Amino acid sequence: MITLDGIARHHGRQILFTDASVAIHRGEKIGLVGPNGSGKTSLFRMIMKVEQPDAGSVSVPRALSIGYFSQDVGEMSGQTVVAATMDGAGPVSEVAAELAELEHAMADPERMDEMDALVERYGHVSARFQDLDGYSLDARAREILAGLGFTQAMMDADVGEMSGGFKMRVALARILLMRPDCLLLDEPTNHLDLESILWLQEFLTRYEGALFLTCHDRRFMNHVVRKVVAIDGGEVTTYTGDYDFYEAQRALNEKQAEAQHARQQAMLRKEERFIERFKAQAAKAAQVQSRVKKLDKIEKLEPPKRRKKLHFDFREPPRSGEDVANLQAVTKRYGDHTVLDQLDLLIRRKERWCVMGVNGAGKSTLLKLIAQASEPTSGEVRLGASVKLAYFAQHSMELLDAKKTVLESLTARFPVAARGQLHTLAGAFGFPGEEADKPVRILSGGEKARLVLAQMLYDPPNFLVLDEPTNHLDMDTKEMLVEALSSYEGTMLFVSHDRDFLAQLSNRVLELGGDSGPRTYDGGYTEYVSQMGYEAPGIRS
């Protein structure tokens, strides 16, 4: 259906890939993986004819409809959310617009002389609209928006009043409403909560068209994709299987390549020793020459490229008292809206609380109150003795100094630390070598998140309060963070939409927003799911 044949692409001096080929067949569900900057978005843009390959060809059938979701959302305002969603739904929205124009024209007394032609055209257009299932467009748009976390009131509000995250959801809803032959989705889960991710996961599983997506959510990828295209070190390789299969197969391929390279190196050393030993002996001259010719003909294997695994070791945090945070009868209101009502909660040393709840349940509000970034309307929030708290929120990235480089940002935060230590810290969070000299102003969202986390964790607190820390993080950084936090000796309170992060790090669960009020669960997220029978409160079976 879509073929990229022998393509090459470079950005400046960086070679993204050479002689790469990818095929997307009808109905296939394919995950696209690779490190940040490896060329994943370039592949999407070449399919959309926004970029051209430096070599090779890209073939897309002219009649094929494609829906492309990227992180670059244009200006949206002046329409309701549902109208903006329908307005971007491709051919059906264009037919709907023509229907509206025809209805207006037929009601215009000054165009009575055109009535026969208008009525005839209206008949053709309305038939086309029916073929495209246009009369259910509003209902389908609202169903998709509801799945992506919009309330009915939000659907009828001005899209221009929405946050950037919800505008991204509108852009995604437009693409899903199109029902194109092929979906290209670049990080569709970045701005979604867990309920919306689970809804999208099921939507894409049922979707009958082709799917080509990037995503940093392992469970999502495993559930949805059945083929993986990996960009690594300038090479593009296709694996038939889910994300776990790809990882296992890649590790096996690396092991086999290393063994093959080692065997060849051993053979070459043996032959070279023979040549060196007997090259001066006339009786062995024929054998020496034979072996020299043999070595000249051998295609030397390149040392296999192994992706460096990020690793960060926590220093021992100072010990806190046994009671880390204590909330008594805490209420938080915004105007007439009560977010938290008479909440009691005790967080003890070394507990790792994950906070669950639908949008608006008060998860981020609770974290702000405990981090003392907000005051309760009533009640009391007390931190325990010797508590050293660090708070990660999405606005933390906005506080970075755009004029500084990565290394300068770390130096400003830790002025007495050795430069070598800070280089090591930068490398552990994905800024090795010259990458540490990148200016903050050009960093992506994921890179900014890595820098904020590096600043937080180098001089470790004993109480971490984390609001969606894995947003924008790639798989490697996320795995490094989970591994590091697994050995962390302090206390944690966090909100996350990443199920692996929740499962591997939590040992307590607080669910907010239920009909019976806040509920706590002994055990972590895995035990919570087993006990409750659902993966998130908003999708109770």
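In Å and whole numbers, how far do the C-alpha atoms of the range 111-222 stretch along each principal axis, longest first?
61, 33, 19
Of the GluC sites (Glu not before Pro) in the range 54-155, which ones lie in a loop per DSSP and count no more than 10 other C-beta atoms within 10 Å?
Here the GluC sites (Glu not before Pro) that fit, given the DSSP loop and packing criteria, are E75.
Given a Förster distance of 30 angstrom, what is the FRET efficiency for V482 paired with D232, based on the Cβ-Cβ distance and rounded to 0.05?
Approximately 0.90, to the nearest 0.05.
Can you find, among G123, L310, A153, the residue farthest towards the positive end of the dipole of the chain? Put +1 on the C-beta of Lys and Arg, -1 on that of Asp and Glu.
The residue sitting most towards the positive pole is L310.
Take D498, D181 and order them by how many other Cβ atoms sit within 10 Å, fewest up front.
D181, D498
Which of K300/K478; K40/K448; K438/K478 have a Cα-Cα distance over 31 Å?
K300/K478
Expressed as a rounded percentage, what relative contact order does the chain have, with Cα pairs under 8 Å and six or more residues apart?
That works out to 14 percent.
Based on DSSP H runs of at least 4 residues, each adding -39500 (n - 2.57), what is the mean residue ellipticity at 222 nm of the chain after dividing by all its residues, to the nearest 500 deg cm²/dmol?
Theoretical 222 nm ellipticity from helices: -12000 deg cm²/dmol.
For T338, T18, what's the fewest-to-most ordering of other Cβ within 10 Å of each Cβ?
T338, T18
Rounded, prolate or oblate: which one fits the chain, using the alpha carbon gyration tensor with axes a ≥ b ≥ c (rounded when a/c is under 1.5, else prolate when a/b beats b/c, else oblate)?
Verdict is oblate for the chain.
For the pair A139 and K297, how long in nm is the line joining their label points, each one 7 Å along Cα→Cβ?
Calculated label separation equals 7.4 nm.
Distances over 21 Å make up what percent of all Cα-Cα pairs in the range 323-539?
Beyond 21 Å sits 56 percent of the P(r) for the range 323-539.
Just for the chain, what percent of DSSP beta bridges are antiparallel, to the closest 5?
Within the chain, antiparallel bridges account for around 50 percent of the total.
Once label points are set 7 Å from the Cα along Cα→Cβ at both A286 and E101, what is their separation, rounded to one decimal in nm?
Reported label-point gap for A286 and E101 is 8.9 nm.
Here, each number is a calculation from the coordinates, and none is a lab measurement. Bear in mind that the values here come from a model prediction, so they are computed numbers and not experimental data. Cβ: placed from backbone, ideal geometry, glycine included. Neighbour counts: every protein chain shown.
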